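Below is one structure; the comments refer to it alone.
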Amino acid sequence: MKYQKKSMAIQQLANGEIVKIYAHIFTSSKPGPTIYVQGNLHGPEVFGTALLIELVQEMKKNKDFKGKIVIVPCANPMGVNNVVYNGITGRWNQQSGTNWNRIFSISPLKNRQEEIVFYDNLLKIEKLSIESKLAAMLRSLSAGADYVLDIHTTGIFNTDHLFTYSWMSEDFSALQAPVHLLLDPKTTVCAFDESHVIPFLKSLTKKEVPKVATWEAHSHGYFDNLILKQRLSQLLNWLRNTWGNESKQNNKPAIFKQYAHLTAPVAGYYCWTKKVGERVCAGESYARVYQPNSGDFVFAKAENDFVLLGIYGVVATASGEQIGWVAK
Ligand SMILES: [Zn+2]
């Protein structure tokens with residue numbers, strides 16, 4: 001087994017310090033798939049970094065893996081350092097307003113070799129915007145991978161779920177996320193996962209396209225020790241299955257094609273009466289909403305059936321603002 005820790009300079013700060021991205025690369029003498037795993041692309045989603053540092057430590061002891069695995073625990077050191085009073089705000093670049101997971105190219109590519117050359121050449125350009133540089137650096141690390149897993153988090157409470165394409169959902173079943181949300185290849189937002197699939201849809205068969213998923217593994221800005229251990233065990237289970245070291249566990253997730261932000265039907269201070277993972281039926285109430293003007297409270301009721309996947313962190317909200325994440 002060969003282990004290499006690679007550092008890449010991503011940005012020079014105003015005071016002259018250099019910010020770097022670190023990749024941990026493990027190569028086995030046994031042939032097998034190339035797997036790329038990253039976390040913390042959005043600044044507040046620090047859980048991915050902790051989880052992947054745990055994975056790096058596991059990999060240092062692992063003698064059974066096959067192929068190659070590239071682990072980038074903290075994919076966006078700029079985002080992590082944007083902090084305002086008890087919260088990390090780096091979901092967007094604070095200067096440009098760009099969402100850090102909407103920066104990836106989905107332009108057509110002929111094959112996997114062209115992908116590697118494309119990103120290597122992009123990195124050689126000196127004066128890229130910081131968004132383009134981050135995209136080029138992360139994609140140069142993941143180019144050529146057979147499996148790509150991008151670890152994110154949702155809200156202050158979240159039931160773990162993942163985004164993937166319909167034809168690769170089964171390849172991630174061993175990750176044991178209870179819910180899979182299917183991405184639509186026709187609707188793209190230039191996210192990291194999409195940049196591995198959309199460019200090849202006309203040039204490669206579905207079998208040849210890399211398998212990708214974005215795993216919403218926990219909540220923003222915080223990690224629970226027990227959940228950290230559970231997610232590590234899920235991640236190792238998926239890796240063992242992908243390496244072919246264990247028979248495939250048929251863990252059937254609930255699959256949804258439709259998912260959306262839940263918006264506040266009324267303004268006020270939300271006290272949730274439903275928990276993440278619960279199904280809410282049309283007409284049923286899911287929160288008691290305190291009304292500061294009247295001194296009373298009302299109930300927020302569901303317009304349609306949904307499964308509550310994530311609850312966002314804002315307790316006091318104006319009407320129509322995003323308060324949660326649901327599958328329908
Ligand atoms: Zn995210």
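What follows draws every value from the coordinates through simple rules; no lab data is involved. Keep in mind that this is a model prediction, so the values were computed, not measured. Methodologically, a virtual Cβ is constructed for each residue, glycine included, from the backbone with ideal geometry; neighbour enumeration extends over all protein chains shown.
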Within the stretch 259-314, which residues are over 24 Å from the mean Cα position of the chain (by Cα), assigned to a strand (DSSP E or B) and exposed (fewer than 13 other Cβ atoms within 10 Å of the Cβ)?
Cys271, Asp296
For the stretch 39-53, which residues satisfy the criterion of being assigned to a helix (DSSP H, G or I) and either near the ligand (Cβ under 8 Å from one of its atoms) or of a type outside the set (Ser, Thr, Tyr) (or both)?
Phe47, Gly48, Ala50, Leu51, Leu52, Ile53
If you scan the stretch 24-38, which residues turn out to be under 16 Å from Met137 (Cα atoms) and either within 16 Å of the ligand (Cβ to nearest atom) or surrounded by 22 or more Cβ atoms within 10 Å (Cβ to Cβ) (or both)?
Tyr36, Val37, Gln38
In the set Ser132, Ser169, Ser140, the lone residue that is out of contact with any Cys (no Cβ under 8 Å at 6 or more places or on another chain), assigned to a helix (DSSP H, G or I), under 25 Å from Val276 (Cβ atoms) and more than 16 Å from the ligand (Cβ to nearest atom) is Ser169
All positions within the stretch 105-146 that are in contact with a strand residue (DSSP E or B) (Cβ under 9 Å, 6 or more places away or on another chain) and more than 18 Å from Val209 (Cβ to Cβ):
Leu123, Ile130, Lys133, Leu134, Met137, Leu138, Ser140, Leu141
Considering the stretch 215-247 alone, what residues qualify as being within 16 Å of the ligand (Cβ to nearest atom) and in contact with a Leu (Cβ under 6 Å, 6 or more places away or on another chain)?
Trp215, Arg231
